[in-house]
Structure formats: structure tokens, C-alpha cells
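Asker: One structure, pasted below without further comment.
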Amino acid sequence: MKKKFLSLALALAMLLSLAACGGNNNAPADDNNTPDTPPVENNTPDTPDETDEDVYTGLDWEAIDAMDYEDKSDTIYDFVLGEFTDAYAIAKEASGDERIAKMAIAEAKLLESGIMLPVQSQGGNYAMSRMVPRTTTQVLWGMDEYRYYSALVTNELITIEDNNALKSLWAESADMAAYYEAAKSYLAEHGYTLSDTYTTATSYIVNIWDTIATSYTSDAMFIAGTYDNLLEYDAKGIQQPCLATSYDVSEDGTVYTFHIREGVKWVDQQGTEIGEVTADDWVAAMEHLLDNADALGYLLTVSDGCGLKNFDAYLAGEATFEEVGVKAIDDYTLEYTLEAAFPPFPTMLGYSIFAPLNRDFYRSQGGTFSAEGEEYTAGDYGKTPANIAYCGPYLITSYTAQNSVRYAANPTYWNAGAVNTPNLVYSYNDGSDPLRSYNEAKAGTISGAGLRAEALELAKTETPEGSEKSYLETYGYVSRCTGTTFPGWNNVNRGTWNNYDNDGVGISAKRDNAEEIARTRDAMVNQHFRLALTNSINRGQYNSQLVGEELKLTSIRNSYTPGTFMYLAGDVTVDINGTSTTFPSGTSYGEILQAQLNADGMHIQVWDPNGDGGAGSGDGFDGWYNESAAKAELELAIAELAQIGVEVSAEKPIHIDYPVRTFDNAYKNAANVVKQSIEAVLEGKVIIDLVDYEKDTDNEHATYRINDGRDANFDLAIASGWGPDYGDAQSYLDTVQAGGYMCKNFGLY
């Protein structure tokens, strides 16, 4: 397992690195990009009637502030997200196609709460690259996307025409072996030569090399190539045997038995053999995971994940480790037992929650296991690349903080013949120079680059040597959108007004103003106020500052779970607001989500049936920005807040703090779009106060690397995103259920 918790910096990293360099699933949109589907009728909120039922009482903050933090979070969460909680509980009890439909209904309640505004995905930007398209996995979850050994990389930038031709070859090929051969022949015929190195830029900084003890993609992506999992998705999206050669499932769907590949070697950083991979490595990993359950364990709980047998009971002190559902039957037979059938379980196996751990090496680094009655410590394990064991395609040959991480092919790797790119380099780029990656990609220092706004303008005018066409015309393609969603988060329980770990940084003008803090708090827990904010942010204009005007809409996402993430395998009938509604086989998750929003009279458009060339899409258009709806929501909020004595007017506006990365001009300009958009639409009754951060580390400690909701130093931020852990909407929605991992982004838990 790996919590796919991403900083918005990864959007920068992906723009820089082209990690997702596959097909153009979302073509550039029209200038206005209005979906052909008409908005729902009567979508302007009604004015509340003057009845007892419409009396707004808000929250009793005096009573809430007297509670401990968990109870306080529970109380606020129920007030803000009670409808979602009820609908989601029903969805989690369902299975098959009914489960897909009910998950979509539950997500509609989440979006209607206004707690988040889905803003963008990764990808959907102009890019140029030397990585051959679709030679890494295409699935939208797991860590397999960072196992670059399968990539084909050329020494030359790949032209648009050749990029499209290669994608056609991919579609025509029966399997990945056939595609690799066809691609190599095509490249040779068209004058390309293959490189032995893939170099990608990133703004991420590694904090720990222990993949089981971190919940951050910013750590895990660097470790992913050093180990293998039981199964792995290939570039056709087919799950293939990896360290498990096969597996069996019991009749009741609760017991998974994996047959471990024999002869796979563990080595140290120098490539010296230290042991053989056996079933016990997954037992050791589970013991280590249980010692780090706060970081990684949620996917194995009953409430949040697959429900590994007695996992919750062990954490509660009600079971021994021997009763937990992981066992080494013998050296090459591994068994996982679940509390109940959980069909998406195999799709989880690409995450580091299922990474193996060499017990002897871990102990040699001073590591211990509380499951064995020891006082837990990881010792030196994971402190540096020399303090981990390797069984994957790469060894880390050098690491210099905020400079580079270099990898070379593991000479003992069991699948050495599949390693197309024997060298991998992560090159650090903090984003302060908006042209650096573009220039490095041209020079071949890195293998590709996303074309952010400043670089895009140059790419339109500069020409490659000997060409009459510009770099953009020659090499610029549109990268595919990934499964990661970056929302804007409304903080409903702000607990700090300066950085929790660096007093004097990120100071709010409200820090010493109790009255303004109280007014903002009352406003932010009001649903209509939050919807006024989410309806008043022009996301197209926001994105234009990052990727340019032409592609400002292509990476916009309108729901938390992508609308194309799941499709019905058969017809299903569910209740939509008292009406029995049948959705036919092939219906997308996004279409069902839209049906519930329409039934609730919400002015939120999350699905365009004519998007993506008629295939339908939830990306590529702004289905939230609506000035009239935003004004109407604010008027409803003003009326309700007046009932609890809170005035909201141009003379007495609500002040909202929004963090700004001043070291990055593109994001600085994007922040100003948020400010100008909200203030203009809401006519000065809401003021956005930009809080400057001159260092990326300070900004991350305000918005991303926060311990819990009390450390979120903002009222509104577009900073943290989520990518799915497995192939079910639960992977997204669990993160925002009560106590879920992303709740800290709105100030709870």
C-alpha cells in the first residue's frame, strides 16, 4: 500500500518530467469549452422559507472547543459531511455494479458539501519527450508508474507524428512484447536511436527510504524501482506475475494464496547477495507495517480498506500477530486472509503496503518488531539508500540531496531481460527557473519536459536546428491526464495561523484577531458559503497561468474520482431521490454522479457525454465556475450567518487566507487569479489574503506535510492531491470519510 498523497508540487514535477507521457486522452478544448450537455434546470438555490425548519444555528463553538480533538473533529465532520457519511455507508455495503452506482451517489453528496473543489489532474499539458509513449503502465493507481525499467527511451526528441504513430502501434499490438518489437522497428526505420538512460526532473525531496514507513509519494516514487511486488501492471494495463508466479482465491473470496517465485535474490546497495526472497519477507513487512500503522495501515482496516483478518483487532490489542491474516505456509507459499470478500484486493498489490522486507537485513540495521515483544525501533533502516535491501530492477548508485538520485540496473534482477532502460536519474528542480526544464530537454540533459506557460511561449517561436517548424509544432503533444486529483480545500476547523514547525513563517493577519478568526470559522462551516467559494474560482484562468491559454482546460477535473475511472459491466437499478433509475451496461461512474447532482438541483457539471471525442469525460471543461450560482449561494450564506449574528458585506467582508509560492511565478500568478476571481464574483464580500512563502519547504509545511488538521495553516488552499490506491472509488472516498487521510486538509483529524 502507499497512500497516494501528493503535493501540488508533483503537478510541477510532472510538468517537468513527463512521467505520464502516454496518450492524449483529453484533446485540447474549444476556447469556451462549454459542454454540449445543458446545465440542469432550476439550478439557482432557492431563497430559504421563514419557517422553524430553516432556522440556522451554526455550531456551538464554546461547547466544541471544550471537547478533545477527536470529538471536536467528529462533531464538525457530522455537521459538514453528514449526508455523505450516510450515503457512503450504504455504498460500501454494496457489490458489483450496484456498488459503482452507489459510490457515485455518495460522491455527489461529498461534492455538494462544498468541502472541496476538484481543480486539476496531472497531465493534460503540452510536452515534448524522449520516452516512447505507452512503454510504462497505463493504470491510474499503484506505484508501477514509477518503475521506469520497462520504458523505451530515445536519444532524440520524438516528433508529434511519430508519437501518434507509436500509440497506434500500441493499440494494434496483441501484447506488450509485440509492441516493444514493433516500436523498436519503427524507431530504427525513422532514424531514432535508443538510450540506456531515462532522466526525469522532480521538485520532490526524499525524507525517508523505508517504503513501508512513509505515506508520501514524494518518498515512495524514489524507492519504487528498488523492490518488486507480488504482481505488476504492464503497459497494456494487464496485471502480470512478478514475485508471485500465480495465486489462488478461495471460494468465499477471503483467502488469497500466492506462489512465490523461487531463486529471487536480495542484495545490498553494492549488489552483494544477502539472501533469497521468501514468503517470510511479506510476514516481516506486515510486522513492520503494524509498527507504522498510522502511516500506512489504513488500506488493511475493515472501515477504510480490504479488511485484513484481525488487523484492526491487533491494533486494538485484542489479537496476537499470529492471528493476523498473513502467513508464510512455507518458503514459497504466502497466504492473505480477509475478514470478508473484497473484490478489488488484487488491484492493491502494486502498493508498498505489499512490499517485501528482508528480515535479516532489517535487523542488521538495528530494526526491531513489537509483534515479537520487542520495543520498536527502525534503527538505521531507511535512513539512506545504503540502509535498505534491494530485490527490484534498480540499485541506487548515488544520492545527493536536492541534486540527483542515480540508479543502475540490478545485475542479479530475476527479470533482467525486461530492463529496457538500465539507468535512471531523478534530477532535482525546485521550479524557480521556469525555463530550466525546457532548455534541459532541448539539450538532452533530461529526457523530456512539460511546457509551462513561459516555456510554451518560447516553444512556439524557437525552431530546432535545420527545421522551419517550431519546437511546439515539431514535438509538442498533449500528455494524458492521470488518476491524481488536486482539489482546493476549504478549512472548516483552522487551528494555526503560522507554520506549526517554524514560528514566524506563514503568519496570518488574523493571528491575533480573535473576532476575525471567529467570523471566518463561522463562515467556513456554512455549506452555502463554501459553495459560493467553489463556484467563484475560474479554474480555466487559474490553469492558464501554469500551462498556457491553449491548454488551460484540458487538465481540469470536475470530480474527486475521475468520471472514467469505472464503468458498469451490466445494467443496474438504484434509487435516485426516491425514483428508481436504471443505468445500462457501459455507463460511466461520472454519468451516474451527474444524475444525482442533477436530481439534487446542484449547479455542478461533472460529466460531458460529448467529451473526449464523444466517448464522454469528466475532464477538460469547467463545470463548477458559475457567477450567478456563486452569488446566489453567498446570499443564502449571508442570510443564514446573519441568524447567528455574523455580518457579511462589502463593508465587513470575510477574510480568507490563501498560501502563495512566491518563488514560483506561475503559481504566484495562479494564486492571484484565485484572489481576483473570488473577490470580483462575490463583489468584495469575501477578501482573499495572500500569505507569502519564499521557500518550498515552508509552503509544504503549511499545506502538505502536516501532521493533522490542526497544522493546516490556511483557510483555502490548492496544495494536496490524491491518486488511487486500487481500482475502486472507495480508494478516493475513504480518504475523506470521518478520520480519513485527506481530512486534515480541511482541518479535521
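Every number here is computed from the coordinates shown, using simple stated rules; none is lab data. Everything numeric in this text was worked out from a predicted model, so none of it was measured. Counting neighbours? That spans all protein chains shown, and the Cβs are built from the backbone with ideal geometry, glycine included.
Asker: When the scattering of region 589-666 is computed by the Debye formula from its Cα atoms alone, each counted once and equally, what is log10 I(q)/I(0) at q = 0.15, 0.16, 0.19, 0.24 Å⁻¹?
Answerer: Normalising to I(0) and taking log10 leaves -0.81, -0.86, -0.93, -1.06.
Asker: Extent of region 228-382 along each principal axis, from alpha carbon coordinates, in Å, largest to smallest?
Answerer: 41, 40, 27 Å, listed from the longest principal axis down.
Asker: Separate question: Below 8 Å between Cα atoms, with a sequence gap of 6+, how large is the relative contact order for region 228-382 in percent?
Answerer: For region 228-382, the relative contact order is 25 percent.
Asker: Put a dot 7 Å past each Cα toward the Cβ at Ala165 and Thr400; how far apart are the dots in nm?
Answerer: The modelled label-to-label distance comes out at 3.9 nm.
Asker: Rounded to the nearest 20 debye, what is the charge dipole size of the chain about its Cα centre when +1 sits on each Lys and Arg Cβ and -1 on each Asp and Glu Cβ? Could the numbers behind the result be given before it?
Answerer: Details: 47 positive and 113 negative charges, 485 e Å.
That gives the chain a dipole magnitude of about 2340 debye.
Asker: At 27 Å minimum axial length over the Cα atoms and a Kyte-Doolittle cut of -1.0, report the qualifying DSSP H helices in the chain, or say none.
Answerer: The answer, listed by residue number, is 69-93.
Asker: Placing +1 at every Lys and Arg Cβ and -1 at every Asp and Glu Cβ, with all other atoms neutral, what dipole size does region 228-382 have around its Cα centre, in debye to the nearest 20?
Answerer: That gives region 228-382 a dipole magnitude of about 440 debye.
Asker: Relative contact order for region 562-629: what is it in percent, counting Cα pairs under 8 Å that are at least 6 residues apart?
Answerer: Contact order relative to length: 28 percent.
Asker: With unit charges on the beta carbons (Lys and Arg positive, Asp and Glu negative) and the dipole taken about the Cα centre of region 228-382, which residue among Ala371, Val302, Cys242 sits farthest to the positive side?
Answerer: Toward the positive end, the furthest listed residue is Cys242.
Asker: Can you pull the one-decimal nm distance between simple spin-label points at Ala418 and Glu276, each 7 Å off the Cα toward Cβ?
Answerer: If labels sit at Ala418 and Glu276, their model points lie 2.1 nm apart.
Asker: With charges only on Cβ, +1 for K and R and -1 for D and E, what is the dipole size of region 113-186 about its Cα centre, in debye, rounded to 20?
Answerer: Result for region 113-186 is approximately 160 debye, rounded to the nearest 20.
Asker: Step through the table entries Lys236/Lys668; Lys102/Lys236; Lys383/Lys675; Lys442/Lys552; Lys460/Lys744, compare each Cα-Cα distance with 32 Å, and write down the pairs that go over it.
Answerer: Beyond 32 Å: Lys236/Lys668; Lys383/Lys675; Lys460/Lys744.
Asker: Using only Cα positions of region 154-266, each an equal point scatterer, no hydration layer, compute I(q)/I(0) via Debye at q = 0.15, 0.22 Å⁻¹ and quote the log10 values to two decimals.
Answerer: The Cα Debye sum returns log10 ratios of -1.01, -1.19.
Asker: Order the peptides 214-222, 580-588, 622-630 from the highest to the lowest mean number of other Cβ atoms within 10 Å of their residues.
Answerer: For the peptides 214-222, 580-588, 622-630, the packing ranking is 214-222, 622-630, 580-588.
Asker: Tell me which aspartates and glutamates have Cα within less than 17 Å of Lys72's Cα, excluding those fewer than 8 residues away on the same chain?
Answerer: Partners within reach: Asp60, Glu62, Asp522, Asp708, Asp711.
Asker: If you take every DSSP beta bridge whose two residues both sit in the chain, what share of them, in percent to the nearest 5, is antiparallel?
Answerer: Percent antiparallel among DSSP bridges in the chain is about 80.
Asker: Taking Cα atoms of the chain, Rg/Rh with Kirkwood Rh, to two decimals?
Answerer: Ratio of gyration radius to Kirkwood radius for the chain: 0.95.
Asker: Next question, about the same structure. Identify all lysines with a Cα-Cα distance to Lys652 below 16 Å; exclude those on the same chain that are fewer than 8 residues away in sequence.
Answerer: Excluding near neighbours in sequence, the set is Lys510, Lys685.
Asker: Per 0.36 nm of contour for each residue apart, how much would the distance between Asp175 and Gln240 grow if the chain were fully extended, relative to their Cα-Cα spacing? Don't skip to the answer; put the middle values down first.
Answerer: On the way: separation 65, 0.36 × 65 = 23.40 nm, distance 1.16 nm.
Taking 0.36 nm per residue and subtracting the Cα distance, the gain is 22.2 nm.
Asker: Once every DSSP H run of n ≥ 4 in the chain is given -39500 (n - 2.57) and the sum is divided by its residues, what mean residue ellipticity at 222 nm do you get, rounded to the nearest 500 deg cm²/dmol?
Answerer: -9000 deg cm²/dmol
Asker: What list of ³J(HN,Hα) values in whole Hz, one per residue of region 425-430 in order, does the Karplus curve 6.51 cos²θ - 1.76 cosθ + 1.60 (θ = phi - 60°) give from phi, with Gly and Pro shown as x?
Answerer: Ordered by residue, 3J(HN,Hα) equals 9, 9, 10, 6, 9, 7 Hz.
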